[in-house]
Amino acid sequence: MPASFFSFPSPIRPVHCLNGASRRPLLLVCDHASPLVPPDLDGLGLPEAERLRHIGWDPGAAALTAALARRLRAPALLAGVSRLVIDCNRPPGHPTSICAESDGTAIPGNQGLDAAARRRRAAAWYEPYHQAIAAELARLESEGGSAALVAVHSFTPCLNGGAPRPWPVGVLWNRDGRLALPLIRALRGQGLHCGDNEPYSGRVANHTLDRHAQAAGRLHVSLEIRQSDLAEQAQIAAWADCLAALLEHALAEAGLADCAE
């Protein structure tokens, strides 16, 4: 497996927790951590090479999340199944929650699903992940204060094989820029071409943060790293070093300087 592949223990589970004993009020989440498909879905009718493409997961995102969790001494939650099974960053019922086609590839196992089958997928894989996020945030806030939520994603170097995306890193946010804006300034201060709501807009596709942070007034931000910059272990470590340091400064600027473990 490439360095970007995080080793998930068997059997397949809806969610995996890292640093679960940490009390630091900062939670990392990775919605598209895994390309795995439960055995009963028979690979969704796709060969492994297709499932390992970006349509099935965010390559490098899980490994980067794990590295950040270590450096920040913070807990992390990783979704355990492919986004082709169900996209944990979309509300159930959304047109892209369970895709029949993605980036020109038909998904046979998702064709013609009725409402009951979609509900079963959500109950088995989406709900446990989001219940775990809610429970972990409640645990971190049980002694008072408010926890911050940081989502980690990766994106393809080109849009659908066409126009190149020039940003090595993007910061996504909606209405609350308390973490996002300091991070954008800091990343650009490092000489990086940092996208502000690029290559995606946090005002459009930001379900996990909207559900668990925006609505509750928690500090939050979503990070997007170009997948070609997460292909090797050294690249993942370099990004983790950079982002951990800048996140610490952004958290301090937002008033969470003393959120030690």
Flag if Leu68 is on the phi > 0 side of the Ramachandran plot, over 12 Å from the mean Cα position of the chain (by Cα) and assigned to a helix (DSSP H, G or I): no
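Go over the candidates Ile12, Ile98 one by one and state the one that is in a loop (DSSP other than H, G, I, E, B), free of Cβ contacts under 8 Å to residues at least 24 places away in the same chain and of a type in the set (A, V, I, L, M).
On the way: Ile12 fails: free of Cβ contacts under 8 Å to residues at least 24 places away in the same chain.
Being in a loop (DSSP other than H, G, I, E, B), free of Cβ contacts under 8 Å to residues at least 24 places away in the same chain and of a type in the set (A, V, I, L, M) holds for just one of Ile12, Ile98, which is Ile98.
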Positions within region 77-99 being of a type outside the set (Ser, Thr, Tyr) and under 18 Å from Ile12 (Cβ atoms), in sequence order: Leu77, Leu78, Ala79, Gly80, Val81, Arg83, Leu84, Val85, Ile86, Asp87, Cys88, Ile98
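Identify, please: which residue in region 6-44 is surrounded by 14 or more Cβ atoms within 10 Å (Cβ to Cβ) and among the small types (Gly, Ala, Ser) and is, among those, nearest to Ala237 (Cα to Cα)? Explain how you work it out, then say what you get.
Taking region 6-44 first, the residues surrounded by 14 or more Cβ atoms within 10 Å (Cβ to Cβ) are 6, 8, 12-19, 22-38, 41, 43-44.
Of the ones still in play, those that are also among the small types (Gly, Ala, Ser) are 22, 33-34, 43.
Numbers: Ser22: 21, Ala33: 17, Ser34: 19, Gly43: 31 Å.
Checked region 6-44; the qualifying residue nearest to Ala237 (Cα to Cα) is Ala33.
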Among the candidates Ala124, Ala151, Ala134, residue that is touching a residue at least 12 places away in the same chain (Cβ under 8 Å), small (Gly, Ala, Ser) and in contact with a strand residue (DSSP E or B) (Cβ under 8 Å, 6 or more places away or on another chain): Ala151
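Could you list, in sequence order, the residues of region 101-120 that are closer than 15 Å to His54 by Cα and touching a residue at least 12 places away in the same chain (Cβ under 8 Å)? First the steps, then the outcome.
As a first pass, look at region 101-120 and keep what is closer than 15 Å to His54 by Cα: 101-107.
Answer for region 101-120, where residues must be closer than 15 Å to His54 by Cα and touching a residue at least 12 places away in the same chain (Cβ under 8 Å): Ser102, Asp103, Gly104, Thr105, Ile107.
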Within region 129-162, tally of residues that are surrounded by fewer than 17 Cβ atoms within 10 Å (Cβ to Cβ), at pLDDT 95 or above and outside any loop (DSSP other than H, G, I, E, B): 5
Per-region count, region 14-50, residues within 16 Å of Gly80 (Cα to Cα) and charged (D, E, K, R): 2
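Looking at this structure, is Ala76 surrounded by fewer than 24 Cβ atoms within 10 Å (Cβ to Cβ) and on the phi < 0 side of the Ramachandran plot? Spell out the reasoning first.
On the way: surrounded by fewer than 24 Cβ atoms within 10 Å (Cβ to Cβ): no; on the phi < 0 side of the Ramachandran plot: yes.
Judged against the criteria, Ala76 is not a match.
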Any hit, region 115-123, residues being surrounded by fewer than 17 Cβ atoms within 10 Å (Cβ to Cβ), under 27 Å from Leu219 (Cβ atoms) and among the basic types (Lys, Arg): no
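The values are calculated or read from the model by the stated rules, or taken from the named source; none is laboratory data. For clarity, every value in this text was computed on a predicted model and none was experimentally measured. So basically every Cβ, Gly included, is an ideal-geometry build from the backbone, and we count neighbours across all protein chains shown.
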